[in-house]
Amino acid sequence: MSMSVDSPPAASPWRRMLTGYYRVLCVLLAVMLAILIIPVSLQIFSRFTHLIPHYIWTEEMARFLFVWTIMIGSIVGVRESAHFDVDIWPRLSPRQNAAMRLFSRFCVLVVAVVFLWMGIEFTDQAIYRTSELADLPLWIIHLAWPVAGASWLLFLAEQIQDDLRILNGQPGGGQDTTGPDVKGNIA
């Protein structure tokens, strides 16, 4: 059975793994947002009524969840190429668009390397520290930075590969120029 020149290549194990990771992140993001409602609601209600005692741990739990929610949201945003975009040259060819995206992706790649490298140092500094109120280990919250940096690098590698295929005029290149659809399927 021969494959048509114009048909996209079958999803590689690498892409299937990244799509699975993306789906896990989306579910985790939704769960974390749902859980975040609990400590924040407890904080609000405890301020206005004496029916609910003022819990100290809710502030720190909300902060930990909020930081992780932001970082996981940024990872999903990089996978979906959902960061801010200005269309300066709207009438470029697909190859020229790929070159512009590559420049943008390399800029994000620099930030990802900084997040990974400095995030490891940041986490290392927090290994033996605990939070003031709930005595939670601080490395848990600091770990969000290197995890975000490493995840950005994974998803950027996938996107850079697509853009390089387009630049080289290879078929199937850039089949996923805007990221996965809502269900995580590669377009």
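The values are calculated or read from the model by the stated rules, or taken from the named source; none is laboratory data. Keep in mind the model is a prediction, meaning the values are calculated, not measured. Heads up, the Cβs are rebuilt from the backbone with ideal geometry, glycines too, and the neighbour counts pull from every protein chain shown.
Check Phe122 against each of (1) under 22 Å from Leu25 (Cβ atoms); (2) within 18 Å of the chain's Cα centre (by Cα) and name the one condition it does not meet.
Only one criterion in (1) under 22 Å from Leu25 (Cβ atoms); (2) within 18 Å of the chain's Cα centre (by Cα) is unmet by Phe122, namely (2).
Taking the options Thr69, Thr49, name whichever one is without any contact (Cβ under 8 Å) to a residue 60 or more places away in the chain, more than 30 Å from Asp162 (Cβ to Cβ) and among the hydroxyl-bearing types (Ser, Thr, Tyr). I'd like the intermediate steps shown before the answer.
Values: Thr69 fails: more than 30 Å from Asp162 (Cβ to Cβ).
It is Thr49.
Taking the range 18-45, which residues are of a type in the set (Ser, Thr, Tyr) and more than 18 Å from Val147 (Cα to Cα)?
Applying the first criterion (of a type in the set (Ser, Thr, Tyr)) to the range 18-45 yields 19, 21-22, 41.
Across the range 18-45, the qualifying residue is only Ser41.
In the range 91-141, what residues are closer than 27 Å to Arg165 by Cα, surrounded by 14 or more Cβ atoms within 10 Å (Cβ to Cβ) and among the hydroxyl-bearing types (Ser, Thr, Tyr)?
The one that is closer than 27 Å to Arg165 by Cα, surrounded by 14 or more Cβ atoms within 10 Å (Cβ to Cβ) and among the hydroxyl-bearing types (Ser, Thr, Tyr): Ser104.
How many of the residues making up the range 50-70 are under 14 Å from Leu29 (Cα atoms) and touching a Phe, Trp or Tyr at 6+ places or on another chain (Cβ under 7 Å)?
0
Can you name the number of the only condition in (1) surrounded by 15 or more Cβ atoms within 10 Å (Cβ to Cβ); (2) modelled with pLDDT under 90 that Ser74 fails?
The failed condition is (2).
Which members of the range 99-143 meet the condition of being aliphatic (A, V, I, L, M), out of contact with any strand residue (DSSP E or B) (no Cβ under 9 Å at 6 or more places or on another chain) and in contact (Cβ under 8 Å) with a residue 60 or more places away in the chain?
Ala99, Leu102, Leu133, Ala134, Ile140, Ile141
Can you name the residue in the range 1-47 that is at pLDDT below 80 and of a type in the set (Gly, Ala, Ser) and, of all such residues, is farthest from the chain's Cα centre (by Cα)? Before the answer, list the steps.
Narrowing the range 1-47 to residues at pLDDT below 80: 1-10.
Add one more test, that the residue is of a type in the set (Gly, Ala, Ser), and what stays is 2, 4, 7, 10.
Values: Ser2: 37, Ser4: 34, Ser7: 29, Ala10: 24 Å.
Filtering the range 1-47 for residues that are at pLDDT below 80 and of a type in the set (Gly, Ala, Ser), the one farthest from the chain's Cα centre (by Cα) comes out as Ser2.
Is there any pair with a first residue in the range 87-98 that is assigned to a loop (DSSP other than H, G, I, E, B) and a second that is surrounded by 10 or more Cβ atoms within 10 Å (Cβ to Cβ) whose Cβ atoms are under 8 Å apart and which are 6 or more apart or on different chains, and what are they?
Trp89/Gln96; Trp89/Met100; Leu92/Met100
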